[in-house]
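The values are calculated or read from the model by the stated rules, or taken from the named source; none is laboratory data. Quantities reported herein were computed from a predicted structural model and do not represent experimental measurements. Cβ placement follows ideal geometry from the backbone for every residue including glycine, while neighbour counts extend to all protein chains displayed. These area figures cover heavy atoms from the full protein model, side chains too; ligands, DNA and RNA do not enter into them. Shrake-Rupley method; radii C 1.70, N 1.55, O 1.52, S 1.80 Å.
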Amino acid sequence: MIADSAAHSSDGLAFDSLAVHAGQSADPGTGAVIPPVHFSTTYVQDGIGNLRAGYEYGRSGNPTRHALEEQLAALEGGRHGVSFASGLAAEDALLRAALRPGDEVLLGNDVYGGTYRLLSRILGPWGVSLRVVDMSDLEAVAAALAVGAPQILWVETPSNPLLRVTDIAGLARLGHDAGALVVVDNTFASPALQRPLAHGADVVVHSTTKYLGGHSDVVGGALVLNDDALAEQVRFLQFAAGAVSGPMDAWLTSRGIKTLGLRMQRHSENGLALARFLDEDDRVARVYYPGLPTHPGHDIAAAQMSAFGGIVSVELADAASARRFAESLRLFQLAESLGGVESLVNYPDEMTHASVRGTELAVPAEVVRLSVGIESLDDLRADLDQALSAG
């Protein structure tokens, strides 16, 4: 088991057992080991307003979705899990629940481009302001908070795509002293490797499309939190705006989660081995991977993560070399997204992070992001070697 040994439920189950069993009780009617997928859009009432098990309409609640939400909350060690149609839908609901016009978000300077786009182009015109800081530098965060207290501190750790590592406990102390909500996007690590709530974060965000689903076949998002009032507001916004995950999407995500611990172990083993291989290659200018002792966030990552994950970013000599490398890989497929069992390569400057070009969050054009899958390590290493030799 790769997950933090502290990841136990109230009934004593460890992480890998929770991943298989939380929210996944056998069907009481038939005894089916795998809970059924509930496709119904509406539910019979036992008299007006007398709902069976609280179910009324598919947008307000669905048994398959609720099973996933229980699973998500258990894995992150939170009271409330909320499943959404996408990661950005989850972010949008949280931001609108926690903010009002005139409020401010202090954002990490290396985050998914879609998060920045949501804040700057959707919530910005609504009156939410945005400042950017290097969250891996707590002194810089403290200085930014001294200028003015935002309502939210938002960080990814490890970050996308430069794998910056933030001390979650340190950030939580700073944020709470300033009266801010501390939000951690845990997509890259997953709860198998890191549990931000245990380090003081208030809310955990996931694109479940990535490692939680794990098979590149379902889009989804999630929030996990402990605050009852905030969770109620998030659920109201989800109900009112409709950004729910469908029953089949919820079921596929639950199925993926059951092998999360095993997959993250293989992703991490392959990721570390390939990071070491690339770090020793003179054709590579720099490797971004928190598992390398030379990474500036290595010690913090080692303290708050149980392994270092499957994302490795590399810097080549120049933009042309980076593009040629990305387009020359064969086993690593050129595509958006990450976290599936198959290895993918992404050129952030023109793909996932095109929306932050020309901003403080712009990704260097020399950088390529690798999502290392669970294939044979020898095959992956050979693919990297031939692509580095191309052109």
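You will find that of 281, 318, the residue that is touching a residue at least 40 places away in the same chain (Cβ under 8 Å) and open to solvent by 60 Å² or more (accessible area, probe 1.4 Å) is 318 and no other.
Against the definition (over 19 Å from residue 188 (Cα atoms), in a helix (DSSP H, G or I), touching a Gly at 6+ places or on another chain (Cβ under 9 Å) and not small (Gly, Ala, Ser)), how does residue 96 come out, yes or no? Spelling it out, it is not the case that residue 96 is over 19 Å from residue 188 (Cα atoms), in a helix (DSSP H, G or I), touching a Gly at 6+ places or on another chain (Cβ under 9 Å) and not small (Gly, Ala, Ser). Across the stretch 138-168, the number of residues qualifying as under 30 Å from residue 371 (Cβ atoms), of a type in the set (A, V, I, L, M) and either touching a Ser or Thr at 6+ places or on another chain (Cβ under 9 Å) or without any contact (Cβ under 8 Å) to a residue 12 or more places away in the chain (or both) comes to 8.
Can you spot a residue in the stretch 50-60 that is among the aliphatic types (A, V, I, L, M), more than 25 Å from residue 255 (Cα to Cα) and open to solvent by less than 40 Å² (accessible area, probe 1.4 Å)?
No; the residues of the stretch 50-60 include none that is among the aliphatic types (A, V, I, L, M), more than 25 Å from residue 255 (Cα to Cα) and open to solvent by less than 40 Å² (accessible area, probe 1.4 Å).
Hey, can you tell me all the residues within the stretch 266-285 that are part of a loop (DSSP other than H, G, I, E, B) and not acidic (Asp, Glu)? Correct list: 283, 284, 285. Among the residues making up the stretch 151-198, those that are on the phi > 0 side of the Ramachandran plot and more than 12 Å from the chain's Cα centre (by Cα) are 163, 179.
Under the condition of being open to solvent by 30 Å² or more (accessible area, probe 1.4 Å) and not in a helix (DSSP H, G or I), which residue from the stretch 220-241 is nearest to residue 335 (Cα to Cα)? It would help to see each step written out before you state the result.
At the first step, the residues of the stretch 220-241 found to be open to solvent by 30 Å² or more (accessible area, probe 1.4 Å) are 226-229, 232-233, 235-236, 239-241.
Right, trim to not in a helix (DSSP H, G or I) and you get 226-227.
Values: 226: 35, 227: 37 Å.
Taking the candidates together, the pick is 226.
Answer yes if at least one residue in the stretch 199-219 is out of contact with any strand residue (DSSP E or B) (no Cβ under 8 Å at 6 or more places or on another chain), open to solvent by less than 30 Å² (accessible area, probe 1.4 Å) and on the phi > 0 side of the Ramachandran plot, and no otherwise. Scanning the stretch 199-219 turns up at least one residue that is out of contact with any strand residue (DSSP E or B) (no Cβ under 8 Å at 6 or more places or on another chain), open to solvent by less than 30 Å² (accessible area, probe 1.4 Å) and on the phi > 0 side of the Ramachandran plot. Here residue 159 meets each of (1) in contact with a Gly (Cβ under 9 Å, 6 or more places away or on another chain); (2) not in a loop (DSSP other than H, G, I, E, B) with one exception, condition (2). Across the stretch 70-124, the number of residues qualifying as β-branched (Val, Ile, Thr) and free of Cβ contacts under 8 Å to residues at least 12 places away in the same chain comes to 0.
Scanning the stretch 1-30 for residues that are surrounded by fewer than 18 Cβ atoms within 10 Å (Cβ to Cβ) and at pLDDT 95 or above turns up 14, 17, 20, 21. Please go through the stretch 115-156 and give me each residue that is in a loop (DSSP other than H, G, I, E, B), open to solvent by less than 20 Å² (accessible area, probe 1.4 Å) and not hydrophobic (A, V, I, L, M, F, W, C), ordered by number. Across the stretch 115-156, the qualifying residue is only 150. All of (1) over 27 Å from residue 166 (Cβ atoms); (2) crowded, with 23+ Cβ neighbours inside 10 Å; (3) touching a strand residue (DSSP E or B) at 6+ places or on another chain (Cβ under 8 Å) hold for residue 371 with one exception: (1).
Note on the stretch 42-62: residues that are without any contact (Cβ under 8 Å) to a residue 60 or more places away in the chain and under 22 Å from residue 26 (Cα atoms) total 6.
Give the stretch 27-45 a look and list any residue that's of a type in the set (Ser, Thr, Tyr) and part of a loop (DSSP other than H, G, I, E, B), or say none. Before you say what the answer is, go through the steps one by one.
Taking the stretch 27-45 as the starting set, the residues that turn out to be of a type in the set (Ser, Thr, Tyr) are 30, 40-43.
Once the filter is applied, which keeps residues that are of a type in the set (Ser, Thr, Tyr) and part of a loop (DSSP other than H, G, I, E, B), the stretch 27-45 yields 30, 40, 41, 43.
Of all residues in the stretch 221-252, those that are within 15 Å of residue 73 (Cβ to Cβ) and not polar (S, T, N, Q) total 13.
Within the stretch 253-266, the residues that satisfy the criterion of being open to solvent by 30 Å² or more (accessible area, probe 1.4 Å) and either within 17 Å of residue 75 (Cβ to Cβ) or in contact with a helix residue (DSSP H, G or I) (Cβ under 8 Å, 6 or more places away or on another chain) (or both) are 255, 258, 259, 262, 265. Applying a threshold of 6 Å to beta carbon distances and a minimum spacing of six or more residues, or different chains, the list of pairs starting in the stretch 11-28 at a residue that is at positive phi and ending at one that is at pLDDT 95 or above reads 23/67; 23/70; 23/71. Just wondering, is there one or more residues in the stretch 332-348 that are without any contact (Cβ under 8 Å) to a residue 12 or more places away in the chain and either touching a Pro at 6+ places or on another chain (Cβ under 8 Å) or open to solvent by less than 50 Å² (accessible area, probe 1.4 Å) (or both)? Within the stretch 332-348, one or more residues are without any contact (Cβ under 8 Å) to a residue 12 or more places away in the chain and either touching a Pro at 6+ places or on another chain (Cβ under 8 Å) or open to solvent by less than 50 Å² (accessible area, probe 1.4 Å) (or both).
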